[in-house]
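Enquirer: Got a structure here, written out as structure tokens. Questions coming.
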Amino acid sequence: MAQKKSKIRKSSPKVLIHKTAIIEDGVVIGEGSKIWHFSQVRKNTKIGKNCVIGKSVFIDFDSEIGDNVKIQNHALVYHKAIISDGVFIGPNVCFTNDKIPRAINPDGSIKSANDWHVSVINIGQGASIGGHSVILPGVSIGEFALAGSGSVITKDIPSFALVYGNPARIHGFVCRCGKKIKEFHESDEVIVGKCECGLNIPVDRETYKNLQGGEPKRRIWLR
């Protein structure tokens, strides 16, 4: 019986790329990273070590992706995204890049690359973006923040904040482990959250006070 031909190719001994993936010129991929079926990585993108790029992911040109990042199936990462180490991007997440999208100019002519006003999206270390979320242009998401599935993220998110909804609002804070923090105390004029896992997490004072003030269950708009 004829042996089935492998559909995996390796650009180096320590990088795995499925043969259906499209890797454009100038792309740099770190050791231990894997790029799966039908994904496209555009020119001059940098992908760090030990990353997993799932099936049918699109990563636009000049993107910067750190080490140990997981980008799940069908995510769309448009220009320009800067994704730090240890970030999780859920399935079907969409990074947008133009707040005023149009196919044509006011005179009816088709827009060229010079007619777009692109903004950068920054994702901090260890942050997680739940599946089917949409991130608007120019947004920065702090380290270890957690956005629930289906979030529409329109504004910056503080580090360790828990957000969800449309538009996404802050509903609390999470630990590095991902669990919601339930206990807080003030130490040397800093608000510290204590997770059940034992870690202490510094949280944004202003956001914490807004969540606690007057109406404990009050929902706070991202600012």
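Each reported figure results from applying straightforward, stated rules to the coordinates on display, with no laboratory input. Predicted model only: the values in this text are computed from it and were never measured. So basically every Cβ, Gly included, is an ideal-geometry build from the backbone, and we count neighbours across all protein chains shown.
Enquirer: Could you pull out every residue, at least 5 positions away or on a different chain, whose amide H is within less than 5 Å of the one on residue 132? Hs are placed 1.01 Å off N in the peptide plane, and Pro or chain starts have none.
Expert: Answer set, sorted by chain and number: 92, 93, 150.
Enquirer: Follow-up. What number, in percent, do you get for the relative contact order of the range 9-174 if the mean sequence gap of Cα pairs under 8 Å and at least 6 apart is divided by its residue count?
Expert: Dividing the mean separation by the residue count of the range 9-174 yields 12 percent.
Enquirer: If you don't mind, there's one more thing I want to ask. Can you bin every Cα-Cα distance in the range 9-174 into 5 Å intervals starting at zero and give me the percent of pairs per bin, rounded to whole numbers?
Expert: Per 5 Å bin, starting at 0, the Cα pair percentages come out as 2, 9, 17, 22, 18, 14, 10, 5, 2, 0, 0.
Enquirer: Beyond 23 Å between alpha-carbons counts as too far, so tell me which of 14/70; 182/209; 55/155; 49/80; 80/209; 43/155 fall in that bin.
Expert: As for pairs spanning more than 23 Å Cα to Cα, those are 55/155; 80/209; 43/155.
Enquirer: Counting only DSSP beta bridges with both residues in the range 9-174, what percent are antiparallel, rounded to the nearest 5?
Expert: Approximately 15 percent, going by the DSSP bridge assignments.
Enquirer: Based on the Cβ-Cβ distance of residue 107 and residue 140, what FRET efficiency does E = 1/(1 + (r/R0)^6) give at R0 = 35 Å, to the nearest 0.05?
Expert: Working from the Cβ atoms, E equals 0.50.
Enquirer: What distance in nm separates the two pseudo spin-label positions at residue 206 and residue 44, each 7 Å out from Cα along the beta-carbon direction?
Expert: According to this spin-label approximation, the distance is 3.5 nm.
Enquirer: Considering only C-alpha atoms, what is the centroid distance from the range 29-96 to the range 152-194, in Å?
Expert: 25 Å
Enquirer: A further question follows. Gain in length, residue 180 to residue 149, computed as 0.36 nm per residue apart minus the alpha-carbon separation, to one decimal in nm?
Expert: This chain segment gains 9.6 nm when fully extended.
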